[in-house]
Number of protein chains: 2
Amino acid sequence: MVTEMNADDGIQRIPVEALASFVSDALVKCGLSAADAAAAAELITEADLIGVDTHGIFRLPQYVNALRAGTINPVPRISCVREAGATAVVDGDNGLGHLVVAFAARKAIELARTYGVAWVGTRNSNHAGAGAVYAAMPVEAGMVGIYAAVSGSNLMAPWGGAEPLLGTNPIAVGIPAGEGAPVLLDIATSVASFGAIKNHALQGKALPVGWVVDRNGQPLTDPARAGEGMLLPIGGHKGSGLSLAIGLLAGVMNGAAFGRDLSAIARDAKASNSGQLVIALDIGRFMDPAAFTATVRRHLDDLRRSAPMPGAGAVRIPGEGRERRRQERLAQGVPLSNALTAKLDDLSDDLQVRPLSARGA
Amino acid sequence: MVTEMNADDGIQRIPVEALASFVSDALVKCGLSAADAAAAAELITEADLIGVDTHGIFRLPQYVNALRAGTINPVPRISCVREAGATAVVDGDNGLGHLVVAFAARKAIELARTYGVAWVGTRNSNHAGAGAVYAAMPVEAGMVGIYAAVSGSNLMAPWGGAEPLLGTNPIAVGIPAGEGAPVLLDIATSVASFGAIKNHALQGKALPVGWVVDRNGQPLTDPARAGEGMLLPIGGHKGSGLSLAIGLLAGVMNGAAFGRDLSAIARDAKASNSGQLVIALDIGRFMDPAAFTATVRRHLDDLRRSAPMPGAGAVRIPGEGRERRRQERLAQGVPLSNALTAKLDDLSDDLQVRPLSARGA
């Protein structure tokens, strides 16, 4: 979920280098090696750069709490526990999900170079932030990237049900487009992401009808009561089915948690045993990559130049906004709300790392 | 034997063997070999068995018309034009999509046995009926199956746009569940499929708000005017992005048609150059397949037994209804509306094949 902030509602622009060094220092204080902390910091703040504000540094306090509580392992030995042909299973040893999924994505790229396609799953992983970051890794290598994940908590009911037994299990797809911004789709299978709802709650804004229902199926719009409700899936039974399929493929098939097992983990404050999957696909096995990206660009231009819906502004191409935000934020800094900055200041006190205000460009 | 289910609802029950022999005979009259006709008839009527009524024998007149007009090739030489490692591209030589995609699915299963995962694309294909049929083929082999396709016509606008440049590009996912019905999701990326809208039009029923909008974004509920409107994607920009990603991967990457190229093809009544993709995945590379299906069954039981939403009837597990319908229709026959039976009678006159009523069990 992309949340753009307005210039006038109490935000500060922070250079991404300052964010990354802050995150890295905080993670080192939690016991990560310097190399792992730097790698995780880059993956976390990449989400901030591309505008997935709910999945970047916003989540740092949650990661720090879990590392200090021992529910995330600061010194994981991430490894391939199964590898055969074009598939692999990565055991994250309960490390930060960012490190685990980046490992899996690198493995998928390596295998896809050999076999044309690769499917790599993770187990004993954790929350990995923004899926777009990992779908983009094969794209950097000129490949198609697909990422999907089991969410750590169940916020959605299966269609026809009134118990939240499914996560908002997201899927991200990255497709190279040559010189233009790649197609980079990153969507939860719910109408609204939990992050978007948290943001509404933070700002005291009513939730649109169609985001959340109560246990009787009635719309729930009070953001303070969102926790009592269940997120609605996209397309009703369609999003519910997609979430289930992702849960079985990214979770169960990897030996990771899904369904009621997730509730038990949450109740016992145990390691999350998150599961993700990364697919990498070598376009050159299908057609000349340059011809492919040229054709993609032609079609994207057709969409971009097609008649807009009155009032909609512009035709939305997934990934264009991310690339635009990335360039803008690299140049102008990442906008952080004052509320988030205050939280991060508390964290800096707590961990004894230099505050953001003391890091600067 | 043809039996009437209920005297008052204009439905007849036809044994699936009668449907299949009718389809096969009709296709032979259009120039297909006996073997191809029988294979296509089985794939077409499988959609009727599992209840995808808009994608089975309902489409036969359309296929016959295209075969007679020469826009579908009755004697295609379907072949792998590229095969390297775990990927392949199948050229359908403009044959019936059913034959082309079944060829691709068999190739994907064969490659996945060797490499663990396989991704096979098609070009110069045609409408292939119900995606669930092809996602189920790897499932029969104990594998996960994924199918996606570019729709032959553009009925959906990209999000923010008012020109229909995207298809309802469907995705189907099949996941083995041991002795129980497999998970078998088959969804268009639009809220409603074109078939569902056709069905409403046939019955003169108003379209629900949220299915179709006009070029100003206003709801269009008159089924007779559906052709003027555009289908809405599931989850707004999310379904639009999914449709785009499927179009680029199942279409452009395979050298098949997408976007404005589809409109040109339709205008010139040329061969459709449809594209599809099939992924097969060997579960045994990830975990013991029996342990996998046992865990899937446990989770499906959890969902099935969870609290239902008041008024919803039951929790919906994708694939359960299909399996139930399949068993019921195998035993009781496939229900055909009198309107459809009349159309098929016309076809039997036209092609000089024995009518359904003369084919017994």
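The values are calculated or read from the model by the stated rules, or taken from the named source; none is laboratory data. Bear in mind the structure is a predicted one, so any value in this text is a computation, not a measurement. Reconstructed Cβ throughout: ideal geometry from the backbone, glycine too, with neighbour counts over all protein chains shown. With ligands, DNA and RNA removed, areas are computed over all heavy atoms of the protein, side chains included. Shrake-Rupley method; radii C 1.70, N 1.55, O 1.52, S 1.80 Å.
Summary of computed values
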read-out	value
Helices (runs of 4 or more DSSP H) contained entirely in the stretch A:1-108, each with at least 1 residues that are touching a Pro at 6+ places or on another chain (Cβ under 7 Å)	A:60-69
Exclusive hit being β-branched (Val, Ile, Thr) and more than 30 Å from residue A:296 (Cα to Cα), set A:122, A:114, A:189	A:122
Criterion (modelled with pLDDT under 95 and part of a loop (DSSP other than H, G, I, E, B)) met by exactly one of B:192, B:226	B:192
Exclusive hit being out of contact with any Pro (no Cβ under 7 Å at 6 or more places or on another chain), touching a residue at least 24 places away in the same chain (Cβ under 8 Å) and within 30 Å of residue A:300 (Cα to Cα), set B:249, B:220	B:249
Residues located in the stretch A:262-273, provided they are under 19 Å from residue A:161 (Cβ atoms) and crowded, with 17+ Cβ neighbours inside 10 Å	A:262
Hey, residue B:303 assigned to a helix (DSSP H, G or I) and within 25 Å of residue B:168 (Cα to Cα) or not	no
Pair list, Cβ under 8 Å, 6 or more apart: the stretch A:341-361 residue part of a loop (DSSP other than H, G, I, E, B), other residue among the acidic types (Asp, Glu) and surrounded by 12 or more Cβ atoms within 10 Å (Cβ to Cβ)	A:353/A:25; A:354/A:25; A:355/A:345; A:359/A:17; A:361/A:17
Qualifying residues in the stretch A:64-122 (those that are in contact with a helix residue (DSSP H, G or I) (Cβ under 9 Å, 6 or more places away or on another chain) and aromatic (Phe, Trp, Tyr)) - the one most open to solvent (accessible area, probe 1.4 Å)	A:115
Residues (under 18 Å from residue A:170 (Cβ atoms) and crowded, with 22+ Cβ neighbours inside 10 Å) located in the stretch A:34-62	A:43, A:44, A:46, A:47, A:48, A:50, A:51, A:52, A:53, A:55, A:56, A:58
Conditions (1) among the aliphatic types (A, V, I, L, M); (2) over 23 Å from residue A:314 (Cβ atoms); (3) open to solvent by 10 Å² or more (accessible area, probe 1.4 Å); (4) in contact (Cβ under 8 Å) with a residue 60 or more places away in the chain; number of the one not met by residue B:232	(2)
Every residue from the stretch B:163-200 that is away from chain A (no Cβ under 11 Å), touching an Asp or Glu at 6+ places or on another chain (Cβ under 9 Å) and of a type in the set (A, V, I, L, M)	B:181
Flag for residue A:300 being in contact with an Asp or Glu (Cβ under 9 Å, 6 or more places away or on another chain) and hydrophobic (A, V, I, L, M, F, W, C)	yes
Exclusive hit being surrounded by fewer than 21 Cβ atoms within 10 Å (Cβ to Cβ), within 14 Å of chain A (Cβ to nearest Cβ) and either aliphatic (A, V, I, L, M) or farther than 30 Å from residue B:29 by Cα (or both), set B:314, B:331, B:342	B:314
Residue that is open to solvent by less than 10 Å² (accessible area, probe 1.4 Å) and out of contact with any Lys or Arg (no Cβ under 7 Å at 6 or more places or on another chain), where the choices are A:217, A:167, A:152	A:167
Residue in the stretch B:267-293 that is farthest from the other protein chains (Cβ to nearest Cβ), counting only those that are outside any loop (DSSP other than H, G, I, E, B) and either over 28 Å from residue B:106 (Cβ atoms) or polar (S, T, N, Q) (or both)	B:268
Number of the exception - residue A:298 against (1) open to solvent by 10 Å² or more (accessible area, probe 1.4 Å); (2) under 23 Å from the mean Cα position of the chain (by Cα)	(2)
Test: residue in the stretch B:117-127 that is part of a loop (DSSP other than H, G, I, E, B), in contact (Cβ under 8 Å) with a residue 40 or more places away in the chain and under 20 Å from residue B:49 (Cα atoms)	yes
